[in-house]
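The values are calculated or read from the model by the stated rules, or taken from the named source; none is laboratory data. Since the model is a prediction, treat every value here as computed from it, not as a measurement. Because the Cβ atoms are built from the backbone with ideal geometry, glycine has one as well, and the counts that use them run over all protein chains shown. Only protein heavy atoms, including side chains, enter the accessible area calculation; ligands, DNA and RNA are left aside. Shrake-Rupley method; radii C 1.70, N 1.55, O 1.52, S 1.80 Å.
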Amino acid sequence: MADRYLTAVNSGVTKTVAKKLGLPRPAHLRRYRAGDPLVPGPVLVLGGKPGVPDAADDVAHALLGWDLDVRQNADADTRWGAIVVVLTEITSPADLSGPVMDLGGALRRLLPGGRVVTVSRAAGDDDSPTLAAAREGVDGFLRSVAKELRAGATGNGVQLTDGAAPDSPSALAALRFFLSGRSAFVDGQLLEVGPAEAPAATDDSPLAGRVAVVTGGARGIGASIARTLARDGATVVVVDVPAAGEALAKVANEIRGTALQLDVTAPDAGARILEHARSRHGGLHVLVHNAGILRDKLLANMSPDKWDAVIAVNLLAQLRINDYLLGANGLSDAPRIVSLASTSGIAGNRGQTNYGYSKAGVIGHTRATARLLREVGGTANAVAPGFIETDMTASIPFAAREVARRASSLQQGGQPVDVAEAIAFLASPAAAGVSGQVLRVCGQNLVGR
Amino acid sequence: MTRVETLPALPALGGLYARGLASSGRIAVRRTVSSGAGDLVLPDVTYRVAGVDTSVPDVAAHLERYRRVVGEPAGGTTSAGNPAGVPAGFLHVLAFPLATAVMVRGDFPLPLLGLVHVENSAAVLRPVRLGDQLEVRAHATNLRPHRRGAQVDLVTEVTVPGEGLAYRGVSTYLAKGVDLPDTSSAPGTEPDARGEWVPPLPTARWSLPAGTGRAYAAVSGDRNPIHTSALGAKAFGFPRTIAHGMYTAARALAEVGTGRGETYDWTVSFAKPVLLPSTVDVAIRPSGPGGGFTYQAWSGRSGTLHLTGAVTPRS
Amino acid sequence: MATNKPSPGRSTSTTPGTDAVIIGGNRIPFARAGGKYATASNQDMFTAALEGLVARYGLQGERLGEVVGGAVLKHSRDFNLVRESVLGSSLSPQTPAYDLQQACATGLEAVVTVSNKIRLGQIESGVAGGSDTVSDAPIAVGEGLRRALLAASHAKSLGGRLKAFASIRPGDLAPLTPRTDEPRTGLSMGEHQAITTATWGISREAQDEIALASHHHLAAAWAGGFFDDLVTPFRGLTQDQNMRADSSAEKLATLPPVFGKRLAASAGGAEPTMTAGNSTPLTDGASVVLLGSRAWAEAKDLPVLARVVDAETAAVDYVHGHEGLLMAPAHAVPRLLARQGLELGDFDFYEIHEAFASTVLTTLAAWEDDEYCRTELGLDGALGAIDRSRLNVNGSSLAAGHPFAATGGRIVATAAKLVAQRAAETGRPARALVSVCAAGGLGVAAVIESA
């Protein structure tokens, strides 16, 4: 989808005019391209104490292992590609002041497309009030910082749980995701990472040898997910209703995967998905529940078929397929389930009671499914897209579309690939410590959390 | 004893038609004058052309055009390794100018342009091959009364010198309204029972376009205006041009296919003419265990019979 | 005539070597002429069918042994239709291909020929199929214009060329659209079948019953998801356009006859019975079938639905009315059964191509006719009757439509899935008899067995 406004305020005369008028000026986002550096400049790691080996040093050390230019002291000249603030060792709100002032001093020299990432610990039930305040405070701090960033820069946080080490593989995988162009439209988000054994994050075919199924894979976000998973090395089975078969075949052939024409609401959908994945590709490791429909109506005007259809496709089908796969031990070898939720399911949306219910339901079952999968070493997560430029959003009336686009910190809609990148990250073996989470891909939309 | 007149070459049909027109007028005048007189006699003459050379490229090209129009397959070779014989219909076409020459003689008693071809019977006694030197003869015989006028047979013969008679064709024409002495007892040779005739199940259907007459005229030389021009057809009482009877018969012969063998008898009798353009239903079926085929063609729309005939292998 | 001795044992593969198995099939939904595919070429449609197959079985970049198929109505530029389709597909460009054409039997004959090569060990895998469009059919210049243009192109001088052009008459400029008439008889296939129908005395009601069953069976199969892994939508068409799920005997009975209208007056004729409802409509579409050796399928982790056991092609002498144009399958089947040591009743499914409802009925009537089977088929007596409940159980050409060369692939893929499903249900092998009649008095029959 072309965002002409975004193009206009970034080029030529219109750029000057927009600047003078103080119009919102969304930036071109830095997106992942194979071969590009992980970040556009040196990385400043804050939060450590000089001369004492601490968590900041561990993180800095890990970053050095990615061939980055890592500094722990700000200077007046360097323009930063990213600033990582390690706050895992704070014990009181009073500890924040130092690293926060350092961050503030360096922010002006953050490069376009730069990154601010906090690494902190989530407040736990056993924390003392002071510790809990110190840790929970990071949440509000980070979300506020993210709103101050300009020029396509984003701010996100890694929240460690259950004593996970800041340099554990999954924590570093989350950090790497936030630093990279893969998280271009993820902004103002805190992602919980628990302790888990996992291989190190890599850009080099992280999904090699994995078999992934993407429902609703014929077009839009689903097709983009399929392409991204395939790019990351997965063998992808794209699933869509038989009527979408022509587009589905194109996607399958493009990514050298296989097409499975199937209505996910069919009673035997899980069995057929598993049979296909096993017999043709030797197993099923990643399942992306992307298939979804909209039947918008004000609740006062809602008909049962509109309600039921949305619940059946967006929620019941996921439940039934998961039930079957878990019951049949269908998912193997550190499986991953990623479901598409929506900001509508978090914040609600007028005319979308059915859709909002279904998407909030997805978030609910994701947490529950995560617990079930933990037993077999797997994860379940949800991704909640905000305003994404697709055929579907292109049909929204112009004014409403413009409002929706600009109503985020990044002042633009996301691309399908932004959602796909988040899913690919959650599907990767390195993300083993991320489970039961809802990762918003919304450019820090104003609505919801 | 019939007098044999040898011509130097087969005559050109164009000139004959001019003479035919002239003599038709003369005969018409004479007939008016001598109406009712029973003094019509055929000229006692046989025209003969020797040394008709079929090895020249013109004849080969002519045969090729003829085949294309009537649907004869390309000749090829026989199982014995000889070149296939030319179809009987082509021999009819080859000898036709000589027969016409007889009919345009001043002493031929019937008008050429009023003659209706009602029957034809041909026999291929031995194959005539492209390249043979042929002797062609033609004479008129058997002038006889008919219910609707007078009939005459034009006999053409093709001989391969040293081998003998190869082809004999008898074309029966009707001159309507010409009185012979004993017309009261004349038999009606036309299939008058068309009311009772019931078409069989067809085996084929011919879609004959408006230009069918012109196409066959171009390869047969028979440019009678009833076949080639709507105006000409109207002048003789037809609403549109009509197909040459011999075209329809030749097409039926072609569609019998290889089952006719190298030597065969081929007969046809013509009922109602085929107005062009037209769709004609056709039945060509084996006539029995002895080999041979019968054929009928009729209007599928009205069930009117156009022609019937047979192709019978001689060997 | 049926002189082959039955082989010992029933239904054994007649050649040594390996089995040719059917892995799956794909087609695009069939469109009515001038419908959704009005601007699609044979190559567009064949490529689409192939691409759907590649996507279903993950054959991207695969060098298959061979792709074989064809079209009945074909542009001269499509001389390498199948190879060009392969080059436009996601298969390896190193996949060889060739065109084959046997009128309406093109698709089935392609299946036979590919499986034979597999059984001989010459190839390990192959695709057989066909495509046909009547909407994008070639238009030829008239014979006069064609000859003049050829003469002009052969002429050595300007004068010669001018002379050639001067020979063109206005009437020569009228284009020629392709006809489905038999070249040797000038009768359309429908008229031929109308004669056969009259000869066998097949009733209008019996024909309408076949047509109705075809629509209802096909609609039920669609609704049941049978075609979910056999069809890939194309150009917005997601189901067979000709299918009328709501068809009824009453509606069919109102249709006027379209063939054999002149036969009522003929000796041995009958009132016309063949309507647009019990005859196949002109249709556009394409289909392909993926075949391979068992070892190849295993190595590629591909499913195996069925194997091609054997096939027989027959031709009949229809030119002078001795036999009906579309009666060749009646001849092919007994020969095939004899060679395989099978009886007509030994099948779980009968897939008899519905060129016309009466084609099916005259074929069945012929097999039940003692006299006919003795004199025409050289049998000792009637071949027998079939269990009608096993006939075209998921519909056939009357409902799906009949894009000539694409029909064989449709039927083979359907039959293969049917026997695979039946075998899975019962745990016993299942077997299907397939037959397709074709122009020129041709007919192909095949035996397909669950693998």
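Remarks
- Taken over segment B:149-181, the residue count meeting the criterion of being of a type in the set (Asp, Glu) and either open to solvent by less than 20 Å² (accessible area, probe 1.4 Å) or within 18 Å of the chain's Cα centre (by Cα) (or both) is 2.
- Looking only at segment B:127-148, residues that are open to solvent by 50 Å² or more (accessible area, probe 1.4 Å), modelled with pLDDT under 90 and not aliphatic (A, V, I, L, M) come to 2 in all.
- Candidates in segment A:115-138 are the residues that are open to solvent by 20 Å² or more (accessible area, probe 1.4 Å) and in a helix (DSSP H, G or I); of these, the one that is farthest from A:Leu68 (Cα to Cα) is A:Pro129.
- Looking only at segment A:148-189, and only at residues there that are free of Cβ contacts under 8 Å to residues at least 60 places away in the same chain and open to solvent by 10 Å² or more (accessible area, probe 1.4 Å), the one that is nearest to A:Ala60 (Cα to Cα): A:Gln159
- Residue within segment A:5-22 that is at pLDDT 90 or above and open to solvent by 30 Å² or more (accessible area, probe 1.4 Å) present: no
- Subset of segment A:261-273 [open to solvent by 10 Å² or more (accessible area, probe 1.4 Å) and either in contact (Cβ under 8 Å) with a residue 24 or more places away in the chain or among the β-branched types (Val, Ile, Thr) (or both)]: A:Val264, A:Thr265, A:Pro267, A:Ala271
- For segment A:261-301, taking the residues that are closer than 18 Å to A:Ala223 by Cβ and of a type in the set (Gly, Ala, Ser), the one that is farthest from the other protein chains (Cβ to nearest Cβ) is identified as A:Gly292.
- Residue within segment C:230-247 that is more than 30 Å from C:Ser41 (Cβ to Cβ) and free of Cβ contacts under 8 Å to residues at least 12 places away in the same chain present: yes
Condition check ((1) part of a strand (DSSP E or B); (2) touching a residue at least 24 places away in the same chain (Cβ under 8 Å); (3) out of contact with any Gly (no Cβ under 6 Å at 6 or more places or on another chain)) across all residues:
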| site | (1), (2), (3) |
| --- | --- |
| B:Gly106 | no, yes, yes |
| B:Asn120 | yes, yes, yes |
| B:Ala140 | yes, yes, yes |
| B:Ala150 | yes, yes, yes |
| B:Thr156 | yes, yes, no |
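- Of all residues in segment C:233-253, those satisfying the criterion of being outside any loop (DSSP other than H, G, I, E, B) and away from chain A (no Cβ under 14 Å) are C:Ala249, C:Glu250, C:Lys251, C:Leu252, C:Ala253.
- Scanning segment C:400-451 for residues that are farther than 27 Å from C:Asn278 by Cα and polar (S, T, N, Q) yields C:Gln421, C:Thr426, C:Ser450.
- Selected residue [open to solvent by 20 Å² or more (accessible area, probe 1.4 Å) and either of a type in the set (Ser, Thr, Tyr) or in a helix (DSSP H, G or I) (or both)] from C:Ala415, C:Ala385, C:Ala365, C:Ala406: C:Ala365
- Among the numbered conditions (1) within 12 Å of chain A (Cβ to nearest Cβ); (2) closer than 28 Å to C:Ala315 by Cβ; (3) open to solvent by 60 Å² or more (accessible area, probe 1.4 Å), the only one that C:Arg27 does not meet is (3).
- For A:Ala146, the stated conditions hold: it is within 21 Å of A:Leu38 (Cβ to Cβ) and either among the acidic types (Asp, Glu) or assigned by TED's automatic domain parsing to the domain that holds A:Gly65 (or both).
- Scan of segment C:312-329 for residues that are open to solvent by 10 Å² or more (accessible area, probe 1.4 Å) and more than 14 Å from every other protein chain (Cβ to nearest Cβ), ordered by number: C:Glu312, C:Thr313, C:Ala315
- Within segment C:224-247, being open to solvent by 30 Å² or more (accessible area, probe 1.4 Å) and hydroxyl-bearing (Ser, Thr, Tyr) holds for one residue alone: C:Thr238.
- For segment A:55-81, the set of residues classified as closer than 21 Å to A:Ala164 by Cβ and not in a loop (DSSP other than H, G, I, E, B) consists of A:Ala55, A:Ala56, A:Asp57, A:Asp58, A:Val59, A:Ala60, A:His61, A:Ala62, A:Leu63, A:Leu64, listed by residue number.
- Total residues in segment A:213-255, condition open to solvent by 30 Å² or more (accessible area, probe 1.4 Å), in contact with an Asp or Glu (Cβ under 7 Å, 6 or more places away or on another chain) and of a type in the set (Val, Ile, Thr): 1
- For segment B:264-315, the candidate set comprises residues that are part of a loop (DSSP other than H, G, I, E, B), more than 14 Å from chain C (Cβ to nearest Cβ) and without any contact (Cβ under 8 Å) to a residue 40 or more places away in the chain; within that set, the residue that is surrounded by the fewest Cβ atoms within 10 Å (Cβ to Cβ) is B:Gly290.
- Matching option when the condition is of a type in the set (A, V, I, L, M, F, W, C), buried (at least 24 other Cβ atoms within 10 Å of the Cβ) and under 16 Å from C:Ser450 (Cβ atoms), among C:Ala357, C:Ala332, C:Ala306: C:Ala306
- Helices (runs of 4 or more DSSP H) wholly inside segment C:146-224 containing at least 3 residues that are modelled with pLDDT of 80 or more and within 12 Å of chain B (Cβ to nearest Cβ): C:189-200
- Which numbered condition A:Arg367 misses (of (1) surrounded by fewer than 17 Cβ atoms within 10 Å (Cβ to Cβ); (2) under 15 Å from A:Thr215 (Cβ atoms); (3) in contact with a Gly (Cβ under 6 Å, 6 or more places away or on another chain)): (2)
- 1 or more residues modelled with pLDDT of 95 or more and over 19 Å from the mean Cα position of the chain (by Cα): qualifying strands (runs of 3 or more DSSP E) within segment A:205-300: A:211-215, A:235-240, A:258-261
- Taking first residues from segment B:46-71 that are in the same structural domain as B:Asp107 (by TED's automatic domain parsing) and open to solvent by less than 50 Å² (accessible area, probe 1.4 Å) and partners that are assigned to a loop (DSSP other than H, G, I, E, B) and of a type in the set (Gly, Ala, Ser), the Cβ contacts under 7 Å between residues at least 6 apart in sequence or on separate chains come to B:Val49/B:Ala9; B:Thr54/B:Gly131; B:Arg67/B:Ala74.
- Matching option when the condition is in contact (Cβ under 8 Å) with a residue 12 or more places away in the chain and surrounded by fewer than 17 Cβ atoms within 10 Å (Cβ to Cβ), among C:Ala276, C:Ala221, C:Ala270: C:Ala276
- Remark: C:Leu59 falls outside the filter, which requires a residue to be touching a strand residue (DSSP E or B) at 6+ places or on another chain (Cβ under 6 Å), crowded, with 17+ Cβ neighbours inside 10 Å and in a loop (DSSP other than H, G, I, E, B).
- Looking only at residues of segment C:263-292 that are more than 30 Å from C:Ala20 (Cβ to Cβ) and of a type in the set (Ser, Thr, Tyr), we find that the one that is farthest from the other protein chains (Cβ to nearest Cβ) is C:Thr275.
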